[in-house]
1. Express as a percent, rounded to the nearest 5, the fraction of DSSP beta bridges in the range 118-421 (both residues included) that run antiparallel.
2. Assuming R0 = 22 Å, what is the FRET efficiency of residue 306 and residue 109, from their Cβ-Cβ distance, to the nearest 0.05?
3. Taking the square root of 5 times each eigenvalue of the Cα gyration tensor, what semi-axes in Å does the equivalent ellipsoid of the range 4-101 have, largest first?
4. Based solely on its DSSP helices, what 222 nm [θ] is calculated for the chain when runs of n ≥ 4 H residues each add -39,500 (n - 2.57) and the sum is averaged over all residues, nearest 500 deg cm²/dmol?
5. Any chance you could give the angle, 0 to 90 degrees and rounded to 10, that helix 70-101 forms with the longest Cα principal axis of the chain?
6. With axes computed from alpha carbons, what is the tilt in degrees of helix 387-397 against the longest principal axis of the chain, rounded to the nearest 10 within 0 to 90?
7. Highest mean first, what order results for 144-157, 69-82, 339-352 on Cβ atoms within 10 Å?
8. Report for the range 288-377 the percent antiparallel among DSSP-assigned beta bridges with both residues inside it, nearest 5.
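The numbers here are math on the coordinates, done by the rules we state, and not lab data. Since the structure is predicted, the reported quantities are computational estimates derived from the model, not experimental observations. No Cβ is skipped: glycine too gets one built from the backbone with ideal geometry, and neighbour counts run over all protein chains shown.
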């Protein structure tokens with residue numbers, strides 16, 4: 001959520017930001033209108049409290065003088081009742097103001113390109129040589145079924161579309177990727193966390209747009225809980241309501257977890273395979289930092305992801321998300337997309353975001369400066385590695401004429417002697 005002081009003081013900036021996001025800037029006027037009314041009602045409540053104090057003193061004076069204070073006591077009760085009503089009015093207006101305020105997007109980085117949707121995202125860089133094949137390439141589902149290393153039919157019977165059984169060498173590859181990513185991030189000095197797989201909705205509401213709940217989040221009926229769609233959300237909640245000392249920052253975490261997503265929408269979930277699923281494994285990066293450091297740490301998180309793909313030998317590109325495709329809570333975002341020879345296109349495997357103070361404000365996470373001053377800190381996140389999509393990339397990029405798949409050398413120590421799947 002944006003700072004209300006920013007909306008009051010830099011109204012034109014916030015309106016321009018909304019327009020660049022292809023949103024109606026009238027929401028800014030709604031926020032300021034509710035804010036003005038709230039302050040007015042709050043002022044009336046304060047005036048009534050002053051009156052209550054005066055009447056209280058008058059009652060005490062009458063009692064000391066041995067006089068009847070009946071009339072004043074009646075007046076006091078009336079004032080107290082008016083205060084209660086006035087505070088309720090103010091609270092309702094504050095709720096409306098904050099509801100409108102939460103609809104405003106984060107202030108974007110000046111370099112975020114304009115654009116209406118993902119078709120106008122900008123390619124920043126590419127890396128790696130795209131493989132060429134002297135034989136007809138198979139997609140990952142064909143390879144999996146030919147090699148018998150996963151089962152989509154049985155999972156459809158046990159759990160429905162969007163799930164899978166991993167068998168033998170592919171299950172080992174899945175674990176190899178997890179162990180490789182954990183060791184890689186541990187080597188970078190980040191703190192390892194295994195989070196709960198359920199999260200309170202109030203924490204989730206600070207992390208994402210509430211409108212996404214129905215599209216992506218599995219909620220627990222009768223509970224204020226949801227299954228995590230990414231451990232990023234749980235990591236954000238670690239420091240809810242905390243005031244961290246400046247010397248403690250940055251706090252760099254990484255986590256491994258199962259993740260669960262409905263994936264409702266235009267793309268559907270009925271396609272067989274591992275690219276889009278309801279359940280998957282992911283290693284995530286997350287940073288809490290002082291506001292002045294989030295820019296350089298954004299670059300650090302990108303470098304971590306690129307180094308992982310370099311180690312795996314997978315060709316990729318980095319794409320900057322344009323204003324029209326940028327989620328409300330993001331200040332700036334890159335997608336890292338891996339090459340898929342079967343689709344002859346890139347597909348997103350990592351998503352990097354600088355959320356500045358937008359998420360932390362709603363959860364009351366602050367940094368205490370050396371001088372004792374307090375301000376809302378910044379949060380950043382990026383995928384280190386999601387195994388299902390990386391397995392797709394490995395299967396499709398490293399397949400051989402014989403129908404086998406070469407395992408990236410960096411993963412050999414975790415594969416129990418297997419260097420080629422299906423050999």
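1. Values: 52 of 58 bridges.
Counting only bridges with both partners in the range 118-421, antiparallel ones make up about 90 percent.
2. Working: r = 20 Å, r/R0 = 0.89.
So the FRET efficiency works out to roughly 0.65.
3. 44, 11, 6
4. -13000 deg cm²/dmol
5. With both axes taken from Cα atoms, the answer is about 20 degrees.
6. That works out to roughly 30 degrees.
7. Output ranking for 144-157, 69-82, 339-352: 339-352, 144-157, 69-82.
8. Close to 100 percent.
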